[in-house]
Amino acid sequence: MNTLQKQTTTNIQEKSNLIWSIADLIREYYKPHEYGKVILPMCVIKRFNDVLAPTRQEVWDTYEKVKHLEVIEGFLETASGYKFYNISPFDFQNLCDDATHIEKNFREYMNGFSDNVQDIIENFEFDREVTKLANNGMLFLIIEAFNKPAAYMGADKITSVDMGYIFEDLVRRFSESYDEQAGAHFTSRDIIYLMTDLLISEDKDTMIQEGVAKTVYDMTMGTSQMLTCMTERLLELDAEADVRVFGQELNPETFAIAKADMLIRGGNSDNMRQGNTLSDDKFKDYKFDYIISNPPFGIEWKVERIAVEAEAKLGDQGRFSAGLPKISDGQMLFDLNGIAKLKDDGRMAIIHNGSSLFTGAAGSGESEIRRYIIENDWLDAIVQLSTDVFYNTGITTYIWIISKEKSRERQGKVQLIDASKMVESRRKNIGSKRNDITDACREIIVTAYGEFRNKSYELDGKFCESKIFNNEDFGFNRIQIDSPSYDEDGKRITKGKRNQPVADTAKRDFENVPLTEDIDSYFDREVKPYNPEAWIERSKTKVGYEIPFTRYFYKYEAPEPAEVIAERIESHEKEIIASLEKLFGKGGRE
């Protein structure tokens, strides 16, 4: 694993730096955040060029033999060794032999690709960029730069996983040029492997059976690296397993990269689909064994609002009947989408920020979604990660494990794991990523999950803690406590034949009573002694759910003694005075 990571890190750095330097050729004609319009599709096209190089002559020879036939795709795919091919007489090498006709020849080269590759190029909307580059004398220079030996991207040197991360590193650099929202981040491989290992930890025995077939879905797949790593993990358990992956992505450029990656790996690129997962579900009525996703958080869902609200009204026939979160953050809608697409024994790993744990009062959309998940006994575990583990956000994040069919010992319970300290600092930051979840760290976290105990784990001074809770520990009754009004003379205001007291809204209060407690007992103990005339407005009681993760793992640290603080302040004062004396003394001599 460490060898693979080192190889990948080297490939990412070398190729990304090289490709980023190529972007300097177009800086007079494109702003930095526009470089991707040229560099990303050129990367994909060059990748296809180099992957097809070993069988190029065979494809050309085959095409000459079968071009008169009505259906020729199968022959050409067999000749190329992939589910794509190129029948044009050009490649990057001979394109560079004719600078005069570069635009005409390059267009003929792109048109020679199979339809599935041309769909990828169209999603990049690359045609107009070719025209712009050619008109400004840049097209030949770009192709020439990508044809240098150092820019070689053949499958024998760059694995598909490496290539995916090279793409993601480039997209990250481009996105940082115009400061994309922190929620629109990329997931590094150490986090993905932790998610995959948590997902499959209870399935290792079943994976050794013959004829195992598994489906994996990523509803916000980016460049599809989660699907790639999940496939890798499942095949490590059973090399003969039939693993089929499915993904949807909103951004057309990253979708194009994902589809290209799937083609190169020999998978079914038709299972990679472009569109908005919330408002344009491309996998309606599909059910999957595993779901692994890192959806955007802190992002508004105004664009999807009409479609989402319409589907919510469908009740159990739709995905969003449990509740709708506030319009400013749609991340929990992806929980509902994933749950709707899990098989009866399916499992999901999904990334969230902290707001999904507690945002929203009882009865709110967020609370109702948590209630839906927990009361159905689907919430298996939540793992708190360290800060600074993503490329362009440093906030604390959490992996939620959703299981439609928990093991017997886990039924009715939820495991919380604080793994926020189980990381190693990087020698060199990659964007905001300052910490790595190493192999050893990941093993400790997965062990903590698998043992399912109230226990602390230690690794070289780093700690990970697991705690087990009952489902109802996260629930509460939100009760409304009213007190009577007084008129101007200090008399109680009443209404009705029974002279019921009128509530003074200015004195109204609310209390969250744990589901594990009797409401009346709580009221008699916590409210009545301090407000004898108060009462509970029973009709307003609401059930809510929240997961106060930080409170559960809080450890009290005694403050420093006052004399120690005073000594430190005095020491700082002396240093400041000495500095000022030195400064003014020097000034006086001058």
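The values are calculated or read from the model by the stated rules, or taken from the named source; none is laboratory data. All values derive from a computational prediction rather than experimental measurement. Cβ placement follows ideal geometry from the backbone for every residue including glycine, while neighbour counts extend to all protein chains displayed. For the accessible areas, the whole protein counts, side chains as well, though only heavy atoms, and no ligand, DNA or RNA atoms are used. Shrake-Rupley method; radii C 1.70, N 1.55, O 1.52, S 1.80 Å.
Are any residues in the stretch 67-93 outside any loop (DSSP other than H, G, I, E, B), among the hydroxyl-bearing types (S, T, Y) and either open to solvent by 30 Å² or more (accessible area, probe 1.4 Å) or within 27 Å of G137 (Cβ to Cβ) (or both), and if so, which ones?
T78
Can you find even one residue in the stretch 36-58 that is of a type outside the set (A, V, I, L, M), assigned to a loop (DSSP other than H, G, I, E, B), farther than 18 Å from E108 by Cα and open to solvent by 20 Å² or more (accessible area, probe 1.4 Å)?
Step one: filter the stretch 36-58 for residues of a type outside the set (A, V, I, L, M), giving 36-37, 41, 43, 46-50, 54-58.
Checking which are assigned to a loop (DSSP other than H, G, I, E, B) leaves us with none.
No, that holds for no residue.
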| query | So which residues in the stretch 496-517 are in a loop (DSSP other than H, G, I, E, B) and either at pLDDT below 85 or exposed (fewer than 11 other Cβ atoms within 10 Å of the Cβ) (or both), if there are any at all? | reply | G496, K497, R498, N499, V502, T516
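Here are some residues: M221, M207, M195. Which one is open to solvent by less than 30 Å² (accessible area, probe 1.4 Å), at pLDDT 80 or above and not in a loop (DSSP other than H, G, I, E, B)?
Working: M221 fails: not in a loop (DSSP other than H, G, I, E, B); M207 fails: at pLDDT 80 or above.
None of the others qualify; the one that does is M195.
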| request: State all residues of the stretch 374-386 that are touching a helix residue (DSSP H, G or I) at 6+ places or on another chain (Cβ under 7 Å), free of Cβ contacts under 8 Å to residues at least 40 places away in the same chain and not charged (D, E, K, R); if no residue qualifies, say none. | output: W378
| In the stretch 402-436, how many are of a type in the set (A, V, I, L, M) and within 21 Å of Y391 (Cα to Cα)? | 4
| field | Number of the exception - D473 against (1) acidic (D, E); (2) open to solvent by 90 Å² or more (accessible area, probe 1.4 Å); (3) at pLDDT 90 or above | value | (2)
| Any residue at all in the stretch 432-443 that is open to solvent by less than 20 Å² (accessible area, probe 1.4 Å), within 18 Å of R347 (Cα to Cα), touching a residue at least 60 places away in the same chain (Cβ under 8 Å) and out of contact with any Pro (no Cβ under 8 Å at 6 or more places or on another chain)? | no
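For the stretch 224-243, which residues satisfy the criterion of being more than 24 Å from I166 (Cβ to Cβ) and either of a type in the set (A, V, I, L, M) or not in a loop (DSSP other than H, G, I, E, B) (or both)?
Going through the stretch 224-243, the residues more than 24 Å from I166 (Cβ to Cβ) turn out to be 237-242.
Passing the criteria: L237, A239, A241, D242.
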| query | For the stretch 141-183, what are the residues that are at pLDDT 85 or above and assigned to a helix (DSSP H, G or I)? | reply | L141, I142, I143, E144, A145, F146, P149, A150, A151
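More than 15 Å from the chain's Cα centre (by Cα), among the charged types (D, E, K, R), crowded, with 18+ Cβ neighbours inside 10 Å and not in a helix (DSSP H, G or I): does that describe R319?
On the way: more than 15 Å from the chain's Cα centre (by Cα): yes; among the charged types (D, E, K, R): yes; crowded, with 18+ Cβ neighbours inside 10 Å: yes; not in a helix (DSSP H, G or I): yes.
It is true that R319 is more than 15 Å from the chain's Cα centre (by Cα), among the charged types (D, E, K, R), crowded, with 18+ Cβ neighbours inside 10 Å and not in a helix (DSSP H, G or I).
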| Which one is farthest from the chain's Cα centre (by Cα) among residues in the stretch 119-140 that are farther than 22 Å from D50 by Cβ and in a helix (DSSP H, G or I)? | N135
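Would you list the strands (runs of 3 or more DSSP E) that sit entirely within the stretch 332-448 and hold 3 or more residues that are farther than 25 Å from E202 by Cβ? Walk me through how you get there before you give the answer.
Values: elements: 342-353, 379-384, 397-403, 413-418, 424-430, 433-436.
Hits in the stretch 332-448: 424-430, 433-436.
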| Residues that are open to solvent by 100 Å² or more (accessible area, probe 1.4 Å) and either in a loop (DSSP other than H, G, I, E, B) or at pLDDT below 90 (or both), drawn from the stretch 525-558 | Y530, Y554, K555, Y556, E557
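Which one is most open to solvent (accessible area, probe 1.4 Å) among residues in the stretch 274-300 that are part of a strand (DSSP E or B) and in contact with a Ser or Thr (Cβ under 8 Å, 6 or more places away or on another chain)?
D289
Which one is most open to solvent (accessible area, probe 1.4 Å), of the residues in the stretch 301-315 that are in a loop (DSSP other than H, G, I, E, B) and without any contact (Cβ under 8 Å) to a residue 12 or more places away in the chain? Walk me through it before giving the result.
The first filter runs over the stretch 301-315 and keeps only residues in a loop (DSSP other than H, G, I, E, B), leaving 301-304, 313-314.
The next check asks that each one be without any contact (Cβ under 8 Å) to a residue 12 or more places away in the chain; those that pass are 313-314.
Working: K313: 179, L314: 102 Å².
For the stretch 301-315, the residue satisfying everything is K313.
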| Extreme residue, surrounded by the most Cβ atoms within 10 Å (Cβ to Cβ), among residues of the stretch 371-422 that are out of contact with any Ser or Thr (no Cβ under 7 Å at 6 or more places or on another chain) and of a type in the set (S, T, Y) | T397
| field | Only listed residue being modelled with pLDDT of 95 or more and more than 21 Å from T550 (Cβ to Cβ), chosen from I445, I430, I402 | value | I402
| query | So which residues in the stretch 94-118 are within 16 Å of K46 (Cβ to Cβ), open to solvent by 10 Å² or more (accessible area, probe 1.4 Å), over 35 Å from the mean Cα position of the chain (by Cα) and of a type in the set (A, V, I, L, M), if there are any at all? | reply | I102
